[in-house]
Amino acid sequence: MDASWPRRPRLSGGPSYSGGLDISWLSTESERIKMTTTEHTTRTPSTTARCQHTAKFFVEESDLYSTLAHFVSEGLNDDQGVVVTATRSHWKGLRLHLSNADVRIDEAIQQDQLVFLDARELRNAIMVKGTPDQERFDEIIGEQLAQMVERWSHVRVYDETVDVLAADSQFGPMRQLEQLWEQLRSRHEFTLMSGYGLEHFGEFDEEEPFDNVCNAHQEVLAADDDGGRQVARWQRRAIVLSKRLEQEQRANRELEEALEEQRERQRRVDEFMGQFTHELRNPLAPILTAIEMMNLRGDATNERERSIIERQVGNLVALVDDYLDAFRLTFGDVELQEMRIEAADVVGEAVAKVAPLIEKRDVHLKVDVANTGLMLEADPQRLAQAIAQLVDNAARASEPGQDILLRAEREAGSVAISVRDEGAGMEPAMLDEAFDMFSRGERTDYRGLGLGLALVRKVAKLHEGAVAAYSDGPGRGSELVVRLPLAKPEATRPKVSRLCRDEIESGGKVLVVDDNQDFASMLAETLELLGHEVELANDATSAIALFDEHRPDVALLDINLPEMTGHELAEKLERRSGRGHELRLVAVTGYSDDKKRELSEQLGFDAHLVKPIVLSQLQQTLDSVFDDD
């Protein structure tokens, strides 16, 4: 205990007990305050009188000090004994208020007219197994009150021990302690004020303990002393609402901080994946372009080797795309490019994607889709990718000569797109896991990572749809179904512009800019074989110089150039074009994410090609570009 808080010996005359309370008295002198009775006129109050028991609620300590200082000073001025049972911080605040009011505190303490008890120490001393013990309470408080009642005209008591219990949500022991005070008032005449912090009743489920306090006291003082029970209730409700608002605001701040951290982590992962796939595609681009160039030259001596390289590069490109799609759809922020489109059109696009595999697997694909009447609000590219994956899965599960049925039909306000095969089938336990990430079933002769059907489910969910798998068991085939909501009726259908012609018109002037020299040279030679006049640059500075000299019609720009981005270079080239010369821009990059595509579109690019580029894709793009001239 602090040296400035003299330790008073245990009150004599009562039963002893282990772990007794050390009662601290405040004094400006270092001497111990003795318990001997000083000469004073003894007054015997009427034993039948009953004095007020008041509950004082407070929010701000200044409110408490003002009320308590008046309570104490009035008693001291009327020659009454005063006992203050409070926390040390509140006692220090009260002492300051009394000193400012010129109350003779030191004299009152020396005469035992003013007694201070530490509320927390008192609580610890009287509690036995979590309950206030009457014997200990009477020994400490009862004897103290008995002596003061004998010495002074009247006694006033302020008690915060009940509030110490309330602060720990010990409302049952709090009420029991109030009852002990009431029993003591039945034996001695004294005025009792119990102090309670309103914030200790600040939860929604603490209204009943608060009402019990209000009902147990003859008088209730609200926090500002200007109201009684009802005002105190209003003040408590205001605190409850304020605390709940603070909790919600804090929770919202924590949630926003967590979301911001998640967005930052996602941004870094997206940036890494974008750079990773860009670097992975770059070596593939010149390989595939070189194969395309050899095919254009028509050299038959290495046709078999070219076919193998082309096929394996295509497999590697598809694997990279699968990885990237799995990442984006599972962890990324995917935005659908939705439009109104017939299911037949999407199915047709999906069939075109899997046609080579169907031929390779020697299976028979049957399509049963109405040309009109199954209108969807969907992202054609994503949905065609999902349907193609269903057919791909069926083809790989089928033996040569078996049938696969691809069907789209109306089904209770939705479109059910199903793929049924006669192949391996599934165990009943696998039906719920078929669309899980990395699920490959029990067969080990399938290649791949088990990402395809997980992507199908993700695409379906993005379209507010669902997936399901059905099978009669191993060896009896399977049916995989995607159900999507029908599009709402619309008066007009947006027009779809034609992007390319069947034949490419050669003879254009093309500028190729790419820091990958192998890819750039292969792409330039391919364009020359197609009849174009080509200029080649491996950096932005050279590109600007060649542009000024040759004034090309089309610029094929790598996005990830060392000096500046392809987007920045495009802005410089367009500013140098001048009147009468319209430059067509084509992004050629390893970045395939939607954000890069959108940026290219916003900056006026006519097309966005992802490496490696196949010849047919290049032909279609150039055909579209020259067609618009």
Check: Which residues' amide hydrogens lie under 5 Å from the amide hydrogen of Val128, considering only partners 5 or more residues apart or on another chain, with H built in the peptide plane?
Finding: Asp133
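Given C-alpha coordinates of region 344-395, what is the ratio Rg to Rh with the Kirkwood estimate of Rh?
Working: Rg = 11.2 Å, Rh = 11.5 Å.
Radius of gyration relative to Kirkwood radius: 0.98.
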Check: Amide H neighbours of Val534 under 5 Å, counting only residues 5+ apart in sequence or on other chains, H built in-plane at 1.01 Å?
Finding: Val510
Next item on the list: Sort out for me the Cα centre separation of region 60-104 from region 544-622, rounded to whole Å.
Entry: 82
Margin query: If packing is taken as the average count of other Cβ atoms within 10 Å, what order do 388-394, 547-553 fall into, highest mean first?
Written below: 388-394, 547-553
Next item on the list: Starting from the Cα coordinates of region 336-485, work out the convex hull volume and express it per residue in Å³.
Entry: 100
Next item on the list: Name the long-range amide H neighbours of Thr87: under 5 Å, sequence gap of 5 or more, or other chain; modelled H, no Pro or chain starts.
Entry: Ala119
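Please state the equivalent ellipsoid semi-axes for region 539-587: what are the square roots of 5 times the Cα gyration tensor eigenvalues, largest first, in whole Å?
Numbers: eigenvalues 58, 24, 16 Å².
The answer is 17, 11, 9 Å, longest axis first.
Every number in this text was worked out from the coordinates using simple rules, so none of it is lab data. Because the structure is predicted, anything quoted here is derived from the model rather than measured. Please note: Cβ atoms are built from the backbone with ideal geometry, for glycine as well, and neighbour counts cover all protein chains shown.
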